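The values are calculated or read from the model by the stated rules, or taken from the named source; none is laboratory data. Since the structure is predicted, the reported quantities are computational estimates derived from the model, not experimental observations. With ideal geometry, Cβ positions are generated from the backbone for all residues, glycine too; neighbour counts draw on all protein chains shown.
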Amino acid sequence: MVNKDLKIRLIGAGGHGILTLGMILGETAIKNGLEASMTIGYSPAQRGGWSRADVIISENRIDYPIFTDPDILIATTQETYDLEYGNVKDGGLIIYESSLVEPREVEGVRQIGINAIENAIKLGNRIVANIIILGFFNEITKTFPEDLVEEIVASRVKKKYVDLNMKALKLGREMAYEYVGKGVMKG
């Protein structure tokens, strides 16, 4: 459960499912009795540009939806990681796509690489990489009940893709278990 404002910045290439991931986080928060807001941004490039979703989740009313210092950064490309890694709050968390991002040293910030794209391809469709990230994120942070996340994901995807997305969520959770088992999640 969130006991303060949780500011999450999701950023990556257009087509990586960043906005969908932000909408799922916001909707899950609301269905969990919390407040949520999301602001979005895009690069001006017609192809190969980035997209960003800033999500705030809170037990209290959200007065201002803009922030510069996320608690959590999820980045899926090197360019977007480089734009944002220095903005993460001390004590924060960065989850990055390990096949595309070479992390930088950041004092006081925990960083975890996850190869969501390759694992999504192994599941049969690259498009579920964002759902793998969601399963991973939620298992690491324990932000929402697992069954609620599954319910929201199932309601947001086409019926024929529900099973694939449930497999992606489960895989993301399993990847988080591996990190926890290796002692990466200290502190």
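Values as computed for the structure displayed
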item	result
Residue among S51, S58, S37 that is modelled with pLDDT under 95 and farther than 13 Å from L134 by Cα	S51
Filter result (in contact (Cβ under 8 Å) with a residue 40 or more places away in the chain and under 14 Å from E84 (Cα atoms)) within segment 38-59	S51, R52, A53, D54
Search result, residues across segment 151-160 that are in a helix (DSSP H, G or I) and closer than 17 Å to E27 by Cβ	E151, I152, V153, A154, S155, R156
Yes/no for A176 being within 24 Å of G41 (Cα to Cα) and surrounded by 14 or more Cβ atoms within 10 Å (Cβ to Cβ)	no
Residue ID - nearest to the chain's Cα centre (by Cα), chosen from residues in segment 1-13 that are outside any loop (DSSP other than H, G, I, E, B) and among the hydrophobic types (A, V, I, L, M, F, W, C)	L10
Filter result for P65 (touching a strand residue (DSSP E or B) at 6+ places or on another chain (Cβ under 8 Å) and either farther than 17 Å from K7 by Cα or modelled with pLDDT under 95 (or both))	yes
Out of G86, G124, sole residue that is of a type outside the set (S, T, N, Q), out of contact with any helix residue (DSSP H, G or I) (no Cβ under 6 Å at 6 or more places or on another chain) and under 21 Å from G14 (Cα atoms)	G124
Verdict on E102 being closer than 20 Å to Y179 by Cα, at pLDDT 95 or above and out of contact with any His (no Cβ under 6 Å at 6 or more places or on another chain)	yes
Failed condition for N87, given (1) under 21 Å from E27 (Cα atoms); (2) modelled with pLDDT of 95 or more	(1)
Number of the condition not met by K142 [criteria: (1) at pLDDT below 95; (2) buried (at least 17 other Cβ atoms within 10 Å of the Cβ)]	(2)
Selection within segment 85-120 - within 17 Å of I18 (Cβ to Cβ), surrounded by fewer than 19 Cβ atoms within 10 Å (Cβ to Cβ) and in contact (Cβ under 8 Å) with a residue 40 or more places away in the chain	N87
Test: residue in segment 64-72 that is under 23 Å from E150 (Cβ atoms) and among the acidic types (D, E)	no
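Per-residue answers, yes or no, for (1) at pLDDT 95 or above; (2) under 17 Å from L10 (Cβ atoms); (3) touching a helix residue (DSSP H, G or I) at 6+ places or on another chain (Cβ under 8 Å); (4) in a helix (DSSP H, G or I):
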position: V149; (1), (2), (3), (4): yes, yes, yes, yes
position: D163; (1), (2), (3), (4): yes, no, no, yes
position: M166; (1), (2), (3), (4): yes, no, yes, yes
position: L169; (1), (2), (3), (4): yes, yes, yes, yes
position: G183; (1), (2), (3), (4): no, no, no, no
